[in-house]
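The values are calculated or read from the model by the stated rules, or taken from the named source; none is laboratory data. These numbers were taken from a predicted model, which means no experiment stands behind them. Cβ sites come from the backbone with ideal geometry, for glycine too, and all protein chains shown count toward neighbours. Note: areas computed on protein heavy atoms with side chains; ligands, DNA, RNA excluded. Shrake-Rupley method; radii C 1.70, N 1.55, O 1.52, S 1.80 Å.
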Amino acid sequence: MLDKLNQLCEDALAELKSQDKQDKIDTQTALDEWYGRVIGRKGAVTLLLRRVGELPREERPAFGRRANEAKQALEAAYEARAQEIKAAELACSLREGAIDVTMPGRPLPMGRLHPSTQVLRNIYDIFAQMGFQVYHSPEVETDEYNFQWLNMPPHHPARDMWDTFYTTQEGIILRTHTSPGQIRAMREFCPEPIRLILPGMCYRYEQISARSEIQFNQVEGLAVGRHVTLTDLKGTMIEFTRRLYGAERVMRFRSSHFPFTEPSVEVDMDCILCQGEGCPVCKYTGWLEIAGAGMVHPVVLRNGGYDPDEYSGFAFGMGPERIAMQVYSITDIRQFWANDLRFLEQF
Ligand SMILES: [Zn+2]
């Protein structure tokens, strides 16, 4: 029986150490199975020890000693193997979960600002440096603000230039220009002096073409105070244009007509593409239109709360999309709101 015990013990230890691929004990599950088979409650060694009573009395102590040694040896072997398996599993998981920090990262898709927004921000920057604040006014307006208080009573022929969208509520329309903000600002700040730009979306009921859209941005400028003159307007427009397009720009002011300014001017600069030589962008005139402008009409000043005998002011309006078209040589204004990434990703 002692021989049998030694044999069992030897076999079990050999099995544990075996490097043979087939029956290698290299997982905790396999190890537990081995434990159960050898020294578990129904393990071979355990069963053998129960038969100690079959031995002659004098052989029992020796067998008992040997049995304890064997059991301890097997337990120790089990523990050692368990540690090895644990270490191997840890090493394996470290190897599999390893991150190669030298691998180049995947590029993040980056958003960007719409070209109109970029131009608007440039305009804000330049006017902010000149002391103009940004003033926002509603895109849905009343007929009074959009037309009447800007010196365009009902049936005024100038209204033909600003066909708009009407809502089902009478007298409520989408603004055709940012000029109604002039009245709102004047009424808010009167009698303080004013130096503002009024940016925002405008709407006109127009045939959509390469040159006209039904929605577009406008930036209006307004300065009101004592002794504001046409020279101030000229200086502001020249300074703005040269900061945006370069110090070498040549300007020209043509007389024009708007119902809400008197006198009115169109502000042109020499074409940035052909330097005034003439090209398709400037329609071979050598000039590009920058803005419409003028001295605020006395009627408009009065509607804003200012006494035109004491106060004067100038106003101007420009289109960021038109500016972007000139800067980037965009030939079709419909691109701006067509939502085409091939276009938008170029800016
Ligand atoms: Zn040109």
Open item on the list: surrounded by fewer than 17 Cβ atoms within 10 Å (Cβ to Cβ), more than 16 Å from the ligand (Cβ to nearest atom) and either closer than 17 Å to ALA324 by Cα or not aliphatic (A, V, I, L, M) (or both): which single residue out of SER256, SER264 fits that description?
Closed with: SER256
Task: Only listed residue being surrounded by fewer than 15 Cβ atoms within 10 Å (Cβ to Cβ) and in contact with a Leu (Cβ under 7 Å, 6 or more places away or on another chain), chosen from LYS24, LYS4, LYS86, LYS42 - done: LYS4
- [ ] For LYS234, state whether it is away from the ligand (no atom under 16 Å from the Cβ) and among the basic types (Lys, Arg).
- [x] yes
TODO: Could you tell me which numbered condition SER312 fails, if it satisfies all but one of (1) without any contact (Cβ under 8 Å) to a residue 60 or more places away in the chain; (2) touching a Ser or Thr at 6+ places or on another chain (Cβ under 8 Å); (3) among the polar types (S, T, N, Q)?
DONE: (1)
Task: Members of region 137-179 found to be part of a helix (DSSP H, G or I) and more than 18 Å from ILE214 (Cβ to Cβ), listed by number - done: ASP143, GLU144, TYR145, GLN148, TRP149, LEU150, PRO157, ALA158
TODO: Look at GLN346 and say whether it is in a loop (DSSP other than H, G, I, E, B) and among the polar types (S, T, N, Q).
DONE: yes
Open item on the list: Considering only residues that are aliphatic (A, V, I, L, M), under 29 Å from SER312 (Cβ atoms) and open to solvent by less than 40 Å² (accessible area, probe 1.4 Å), which ones fall in region 188-238?
Closed with: ILE194, LEU196, ILE197, LEU198, VAL219, LEU222, ALA223, VAL224, VAL228, LEU233, MET237
- [ ] Scan (1) more than 30 Å from TYR245 (Cα to Cα); (2) β-branched (Val, Ile, Thr); (3) open to solvent by less than 100 Å² (accessible area, probe 1.4 Å) for the single condition VAL119 breaks and write down its number.
- [x] (1)
Task: Positions within region 271-295 being within 16 Å of the ligand (Cβ to nearest atom), open to solvent by less than 20 Å² (accessible area, probe 1.4 Å) and assigned to a strand (DSSP E or B), in sequence order - done: LEU288, ILE290
TODO: Those residues that are open to solvent by 100 Å² or more (accessible area, probe 1.4 Å), of a type in the set (A, V, I, L, M) and either at pLDDT 85 or above or farther than 30 Å from TYR328 by Cα (or both), I need them from region 103-115; list them, please.
DONE: MET103, LEU108
TODO: For region 150-187, name all the residues that are surrounded by 14 or more Cβ atoms within 10 Å (Cβ to Cβ) and among the hydroxyl-bearing types (Ser, Thr, Tyr).
DONE: THR164, THR176, THR178, SER179
Task: Some residue of region 126-133 being surrounded by 15 or more Cβ atoms within 10 Å (Cβ to Cβ), of a type in the set (S, T, N, Q) and out of contact with any Leu (no Cβ under 7 Å at 6 or more places or on another chain) - done: no
Task: Residue check for ASP100: in a helix (DSSP H, G or I) and open to solvent by 70 Å² or more (accessible area, probe 1.4 Å) - done: no
Open item on the list: Anything in region 67-92 that is within 18 Å of ASN6 (Cα to Cα), touching a helix residue (DSSP H, G or I) at 6+ places or on another chain (Cβ under 6 Å) and not hydrophobic (A, V, I, L, M, F, W, C)? List them, or say none.
Closed with: TYR78
